[in-house]
Amino acid sequence: MTFRSRGLTALAVLSTLCLGLTACGGATTTGTSGGQTVTVYVSGDTNVKDLWQKTLMPGFQQAQPQYSVKMVFSEHGVNDVTTLAKLGTAAKTNSDPGEDLIDGDFTQAATSGWTEKVSTGNVANLKNVDPKLLEPVQSGSVPYRASAVVLAYDSKTVTDPPTTLDALLSWIKANPGRFTYNSPPTGGSGQAFVTTVLDKYVPAADRDKMVNGYDPSLTGDWDQGLSTLKDLGPSIYQHVYPNGNQNVLNLLAKGQISIAPVWSDQALSSLASGLLPPTVKLAQISDPSFTGGPAYLTIPKTASHKAGALALANWILEPAQQAAVAKAMSGFPVIPISQLPADVQGRFAGTDPNTLRPPYSNQTTADLNRLWQQNVPG
């Protein structure tokens, strides 16, 4: 998610309208009355909604019946900007934001000090999570699953897939019309491809600043990468960059392209459901690899039911729940693979979210989207 600035007055109006949570997306409740109700704001696609509604909410209620859970779902994050504004206002006025736990990209809230700091002191199961995963959010959110962008290819037409970025760029030019990626503002898989090409020319020290902070003066490091992306234009499928991650998968499923960057979890789910043919295989490139990283659970600093939210976040980090999340979402666990059942270990053997290259910060990504639109298409 990329946050774009909007007028404060408009945000204030939207925040007021959405204080009645059901107005910002359908609310679903599970559990018994009389206990503490934890309100969870879920941002994303319907697979994330299903994870909560079918797996996490009933499982937590059964394990800890003193709590009930209410979910407010925002499909594709359409209400995320409004929710971010509510968090900022609530932190500044020491008021209840209306949500107790947030599943979505709210890094800006975490790094702005609007969220509860987490550690093994209040989320004991963080002892099994690599501390590096807490660095991008300054310990202001709990990582609970991870995914990476990988290279998907049709093994019927690609018998020797590229294994490095340079080899991929050469393959694209040698096979015009057989590759594409979604426009960066419309999905993370396209953003990851663009980021990886740009990173080929970005000094390591500058990249660290782009990931962990914001320095607009560093965008000059992207000039050569943007030129490389523009030069690929004639080789892109129909010279068009689709909108969204799913449209790229659809082209791959229909055999209209042979190679594309895709989300690992989305592709694995599509393979399991038959939406992608079994001839589609997944691989990771190197020098550099595509980006990836964890999804986070965020607890507002002024949430009314912080104890329940912390208990829920801690429960999700247990091995049984990590296995359930992995099965439901085809996402990498954030605890050691050795702690999971054998069948899940086999599914994710050789993966490690701690080795994933993190994406740029939200503000840096907003600059990436803008400069890509100005310099690459056309």
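The set of residues in segment 187-218 being surrounded by 14 or more Cβ atoms within 10 Å (Cβ to Cβ), of a type in the set (Ser, Thr, Tyr) and over 15 Å from ASP166 (Cα atoms) consists of SER189, TYR214.
Table: residues versus (1) within 18 Å of THR196 (Cβ to Cβ); (2) in contact with a Ser or Thr (Cβ under 6 Å, 6 or more places away or on another chain).
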site: ILE259; (1), (2): yes, no
site: LEU271; (1), (2): no, no
site: GLY274; (1), (2): no, no
site: PRO277; (1), (2): no, no
site: LYS281; (1), (2): no, yes
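Residues of segment 254-262 include none that is in a helix (DSSP H, G or I), assigned by TED's automatic domain parsing to the domain that holds ASP154 and over 18 Å from PRO185 (Cβ atoms). Just one of (1) among the β-branched types (Val, Ile, Thr); (2) over 26 Å from ALA326 (Cα atoms); (3) over 19 Å from the mean Cα position of the chain (by Cα) trips up ILE259, so point out which. Evaluating ILE259 over (1) among the β-branched types (Val, Ile, Thr); (2) over 26 Å from ALA326 (Cα atoms); (3) over 19 Å from the mean Cα position of the chain (by Cα) leaves (2) as the failure. Scanning segment 37-63 for residues that are at pLDDT 95 or above and crowded, with 21+ Cβ neighbours inside 10 Å returns VAL38, THR39, VAL40, TYR41, VAL42, TRP52, LEU56, MET57, PHE60.
Among the candidates GLY20, GLY34, GLY25, GLY7, the residue that is surrounded by fewer than 18 Cβ atoms within 10 Å (Cβ to Cβ), at pLDDT below 75, small (Gly, Ala, Ser) and at positive phi is uniquely GLY34.
When every residue of segment 356-372 is checked against the conditions, at least one turns out to be touching a Gly at 6+ places or on another chain (Cβ under 6 Å), buried (at least 20 other Cβ atoms within 10 Å of the Cβ) and not in a helix (DSSP H, G or I). Hey, any hits in segment 141-154 for a residue that's at pLDDT 95 or above, more than 21 Å from MET329 (Cβ to Cβ) and of a type in the set (Gly, Ala, Ser)? No, because not a single residue in segment 141-154 is at pLDDT 95 or above, more than 21 Å from MET329 (Cβ to Cβ) and of a type in the set (Gly, Ala, Ser). Among the residues of segment 101-159, those identified as under 20 Å from TYR41 (Cβ atoms), of a type in the set (D, E, K, R) and either in contact (Cβ under 8 Å) with a residue 40 or more places away in the chain or buried (at least 23 other Cβ atoms within 10 Å of the Cβ) (or both) are ASP103, ASP105, GLU116, ARG145.
The values are calculated or read from the model by the stated rules, or taken from the named source; none is laboratory data. This is a predicted model, so every value here is computed, not measured. All Cβ positions, glycine included, derive from the backbone under ideal geometry; neighbour counts span all protein chains shown.
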